[in-house]
Amino acid sequence: MTRQGYKLNSKVLKTTQNMTLWKNEKCIVEVNDNTPVIQVNLDEEVHGYVFGGNGRLVVDTIVETTKGAIGEPVEKDINKPFLMLGNPDSIQESLKPLEEEDFTSLEIKTKKEFLDKAEDLLDQFFEGSSDRHRRSSFNRTCARDGFIFAFPNEKDKLDILVCNDSKLIYTATDKVFVSKRNKEILKSHGEVVISKPGKSIFVSNDQCSSVHIHNS
C-alpha cells in the first residue's frame, strides 16, 4: 500500500485544552481537551495529526442564489478518530504525553486501540476510495497552504474537508460544496447549483436533465 510517505509516530499525546483547528467565515473544526492525538509524519517532520474524536464540525453549505438561499448547514459532533493533514506548528504547544491511565475516562480504552484505529484511518484515506489520487494531490498542496480533514461517517466512508485562505471544498455522501472567493457550488439531492454575484445556474440531474440560468 502507499501513503505518499506519510507515517504515524508511535508516541501517543493528548490535548491540554479546547482547540480550534480551523476557522473562517464558512467553517469551524474544534477538538476538546484531553483528546488522544498521534502525529502524522512526512520525511520525519510533523505534517498532521489523528485526533481521537471528541470534537465538533460546522460547515456553512448554504448557497445564496438569485432565487434565495439553498441548502442546509452541516453541524455535527465528532465521535470517531479523524485526520488532519497540514503543517500545524502552533498545535504542538497544546499537546503533552498521554499515559495509559488517561484512557479510563475515554471511549478508546488503550493506546493500542487508538494506534490501530489511527492506522486504519490513514489507510482508508489513502487507499480506501476511488478518488485517492485526487486526495493525494490535495495533501501536497495543503501541506503548504492549508489543511485537509477526513471524518469517518455513519456509512464507514470519509467526509473530506479541504480548506485554505481562499478556497473550501467539502465532500460527503450526500453533498459536495465548493466555495472560492465570490463563487459557490453545491451538489445535493440531484441538483447542482452554481452561484456568483448577479447570476445563478441550476442543473438538474434527473432523467430530463435541464439547465436554468437566473440573473439578478
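The values are calculated or read from the model by the stated rules, or taken from the named source; none is laboratory data. Fair warning: this is a prediction, and the values are worked out from it, not measured in the lab. Ideal geometry is used to build each Cβ from the backbone, glycine not excepted, and the neighbour counts take in all protein chains shown. SASA here: full protein model, heavy atoms, side chains in, ligands and nucleic acids out. Shrake-Rupley method; radii C 1.70, N 1.55, O 1.52, S 1.80 Å.
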Just one of the numbered conditions (1) modelled with pLDDT of 90 or more; (2) open to solvent by 20 Å² or more (accessible area, probe 1.4 Å); (3) more than 16 Å from the chain's Cα centre (by Cα) is not true of Asp123; which one? (3)
Those residues of region 165-182 which are of a type outside the set (Lys, Arg) and in a strand (DSSP E or B) amount to Leu168, Ile169, Tyr170, Thr171, Val176, Phe177, Val178, Ser179
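Kindly establish whether Glu107 is of a type in the set (D, E, K, R), under 25 Å from Lys157 (Cα atoms) and not in a helix (DSSP H, G or I). If you could, list the steps in order and put the result at the bottom.
On the way: of a type in the set (D, E, K, R): yes; under 25 Å from Lys157 (Cα atoms): yes; not in a helix (DSSP H, G or I): yes.
Judged against the criteria, Glu107 is a match.
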So which of Asp206, Asp145, Asp116 is modelled with pLDDT of 90 or more and open to solvent by 60 Å² or more (accessible area, probe 1.4 Å)? Asp116
First in region 159-185 and among the acidic types (Asp, Glu), second anywhere and not in a strand (DSSP E or B), Cβ under 8 Å, 6 or more apart: Asp159/Asn153; Asp159/Ala172; Asp159/Thr173; Asp165/Asn24; Asp165/Asp145; Asp174/His189
Is one or more of the residues making up region 10-19 farther than 30 Å from Lys180 by Cβ, in a strand (DSSP E or B) and either open to solvent by 60 Å² or more (accessible area, probe 1.4 Å) or of a type in the set (Asp, Glu) (or both)? yes
Which numbered condition trips up Gly198, out of (1) surrounded by fewer than 11 Cβ atoms within 10 Å (Cβ to Cβ); (2) modelled with pLDDT of 85 or more? (2)
Can you run down the residue pairs with Cβ atoms below 6 Å, 6 or more apart or on separate chains, where the first is in region 107-126 and within 21 Å of Gly5 (Cβ to Cβ) and the partner is open to solvent by 60 Å² or more (accessible area, probe 1.4 Å)? Phe126/Arg132
From Lys167, Lys175, Lys187, Lys155, residue being more than 17 Å from the chain's Cα centre (by Cα) and at negative phi: Lys187
Within region 23-45, count every residue that is open to solvent by 30 Å² or more (accessible area, probe 1.4 Å), touching a residue at least 40 places away in the same chain (Cβ under 8 Å) and either closer than 25 Å to Phe126 by Cβ or within 17 Å of the chain's Cα centre (by Cα) (or both). 2
Can you confirm whether region 86-94 contains a residue that is at pLDDT below 75, outside any strand (DSSP E or B), among the hydrophobic types (A, V, I, L, M, F, W, C) and within 22 Å of Arg56 (Cα to Cα)? no
Considering region 46-57 alone, what residues qualify as being over 30 Å from Glu184 (Cα atoms) and surrounded by fewer than 21 Cβ atoms within 10 Å (Cβ to Cβ)? Val46
Arg56, sole failed condition from (1) assigned to a loop (DSSP other than H, G, I, E, B); (2) touching an Asp or Glu at 6+ places or on another chain (Cβ under 7 Å): (1)
